[in-house]
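Comments concern the structure below.
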Amino acid sequence: MVLARVWSVAMHGVDGTMVEIEADLGPGVPGVHLMGLPDAALREAKERVRSAVRNSGVVWPQRQVRLALSPADLPKAGAAYDLALACGLLAAAEVVSPDSFTGVALLGELALDGRTRAVRGVLPALLAAHKAGFDTAIVPAANLAEAGLAEGIRVLGAEQLSEVLDWLRGEPHGLREPDPVTGVPAVDGPDLADVVGQSEARWALEVAAAGGHHLLLTGPPGTGKTMLASRLPGLLPPLSPAQAIELAAVCSLAGTLPSEGGLLDRPPFVDPHHSISVAALVGGGSGIARPGAVSRAHNGVLFLDEAAEFGPQRLNALRTALEDGEVRHARREGVARYPARFQLVLATNPCPCAPARDIDCTCLPRVRKQYLGRLSGPLLDRVDLRVRMRPITAIAGGAGESSAVVRERVTVARERATHRWSGYGLHANSEVPGPVLRGEHALSTAATGLLDRGLRSGAVSARGADRCLRVAWTLSDLAGTPRPTSDHVATALGFRERSAA
């Protein structure tokens, strides 16, 4: 009797756990017993593996096969364990040496004819394997471009199970390594110069880009709310390699990673329809929770057009993500964690009838108040910049500044913020915690006098005061001043006090 051990990876959110697969062949009625809390897809692996082994030219052992996946109390889901199960079984049958799997992680689904099929989550799984000390991984060839993004671990892609067996025997094989990693060619997005007028909203968009602040745009249809929001990613600096890997890991789990491979260096722009479910917005679903729109917008922009139509349940579900920069889904199978640090842009009409001119509105004051009341106070308290947009009164006129020109100013402001907060590991003013703003980097009482009066009168909350300070630092960075002045604080407070009605 030979006991063989191989390794795969279980994913719960973006966190991976190494799974040890033990294969034991013993006396008894031929059959396969799978242990370790497998889900329905994994239980069906017994038949997929049996057919794949036979169609790869290997005789299926006529003995009782026991396959145990450890940790035994960790639920296992999906078909990504097929390749590891097949290799473990064949190692126990001494078709390949049981010692061949030292430091090797195996991922992939098997077709009945022995072909490998792509699976989700390969990139975060390989990052977890590397962190656990594994130096080699074998994945489906269809996942090879994605797997090549993982640094520090050798990756081999297999088209067939037989290729893996040849490699394990030391024979000529068809496994191949990924091509060198390149960036995905950037596609020019919409330009800010296309937006007519709306100088105040354009300025607010620049401030939002420079500091990473959340933004609310309110106005009648046709004033350019969607146009402005869609141009925000073009003002943001490119993603750092670490940020690009984080985003790619989420996209891998969501199944939205580009098939051609390469890292996305442009911040994502996600704009779900207002009919989206809560699970699709923040993540969830049956079994192991999947990433939602907030996680796919990680390190980018989440745009909610017609925000009042989303309803309080969906909007209030965003509050934890806005505070913590991640979402956590507790299920019977465990807790799945997904990053969700995004810039929120809300756009809404001032009332249900939404005429081009306020004078033509037919809504009662109570109806207007109820409509905008769908944007709850706790949610709006987390929105730093609020802009009331007015109808365009003239088409003629010179074009506004382009995205490239504004992006230069945003980049300079971001660099100033990164340099200032580098000791705290922060990169944007919107990330700075309140104790830091009120401690070592506290402003003078002369600069914060107006804000203090707002706190005493109840016009601004403690959270809102901290957010005003963050916006003030962004205004200072854009102006090139060493520290925010009273004018910067007043401007930041003015952005919060502007009514949506």
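Structure values in brief
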{"read-out": "Descending semi-axes in Å of the range 3-169, equivalent ellipsoid built from Cα gyration tensor", "value": "23, 17, 14"}
{"read-out": "Additional length obtainable on full extension of the chain from A356 to Q64, 0.36 nm per residue less Cα span", "value": "97.6 nm"}
{"read-out": "Length released on extending from A279 to D487, taking residue separation times 0.36 nm less the Cα-Cα span", "value": "70.6 nm"}
{"read-out": "Hull-based mean projected area of the chain, where the convex hull spans the alpha carbons, in square nanometres", "value": "27.1 nm²"}
{"read-out": "Histogram of C-alpha separations across the range 108-224, 5 Å bin width, %", "value": "2, 10, 14, 14, 11, 7, 6, 7, 8, 8, 7, 4, 2, 1"}
{"read-out": "Listed peptides 359-371, 100-112 by packing density, highest first (mean Cβ within 10 Å)", "value": "100-112, 359-371"}
{"read-out": "Coordinate range along principal axes, alpha carbons of the range 230-274, Å, largest first", "value": "28, 25, 17"}
{"read-out": "Relative contact order [Cα under 8 Å, 6+ residues apart], the chain, whole percent", "value": "14 percent"}
{"read-out": "Extension gain (nm, one decimal) between D452 and E94, 0.36 nm per residue minus Cα-Cα", "value": "121.3 nm"}
{"read-out": "Counting DSSP beta bridges with both ends in the chain, the antiparallel % (nearest 5)", "value": "45 percent"}
{"read-out": "Euclidean distance between Cα centres, the range 396-462 to the range 229-284, Å", "value": "25 Å"}
{"read-out": "Per residue, the convex hull volume that the Cα atoms of the range 188-301 enclose (Å³)", "value": "126 Å³"}
{"read-out": "Net charge of Cβ neighbours under 11 Å - reference V405; Lys, Arg +1; Asp, Glu -1", "value": "-2"}
{"read-out": "Cα-based reach from K225 at 23 Å (exclusive), listing lysines while leaving out same-chain residues under 8 positions away", "value": "K369"}
{"read-out": "Local electrostatic count at V327 - Lys and Arg +1, Asp and Glu -1, tallied over other residues with Cβ under 12 Å", "value": "+3"}
{"read-out": "Protection-proxy order for peptides 467-475, 15-23, 418-426, each taking the mean of Cβ atoms within 10 Å per residue, highest first", "value": "467-475, 15-23, 418-426"}
{"read-out": "Cβ crowding within 10 Å averaged over residues, with 205-213, 150-158, 316-324 ranked highest first", "value": "205-213, 150-158, 316-324"}
{"read-out": "Paramagnetic reach from D271 (point 7 Å along Cα→Cβ, amide N under 17 Å) across the range 228-244", "value": "228-236"}
{"read-out": "Residues of type lysines that K131 reaches as a straight line, Cα spacing below 27 Å, ignoring anything fewer than 8 places off in the same chain", "value": "K76"}
{"read-out": "Cβ-placed point charges (K, R +1; D, E -1), dipole of the chain about Cα centre in debye, nearest 20", "value": "1780 debye"}
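Laboratory data are not the source of any read-out in this text; all were calculated from the coordinates shown. None of the values given here were measured: they were computed from a predicted structure. Backbone-built Cβ (ideal geometry, glycine too); neighbour counts: all protein chains shown.
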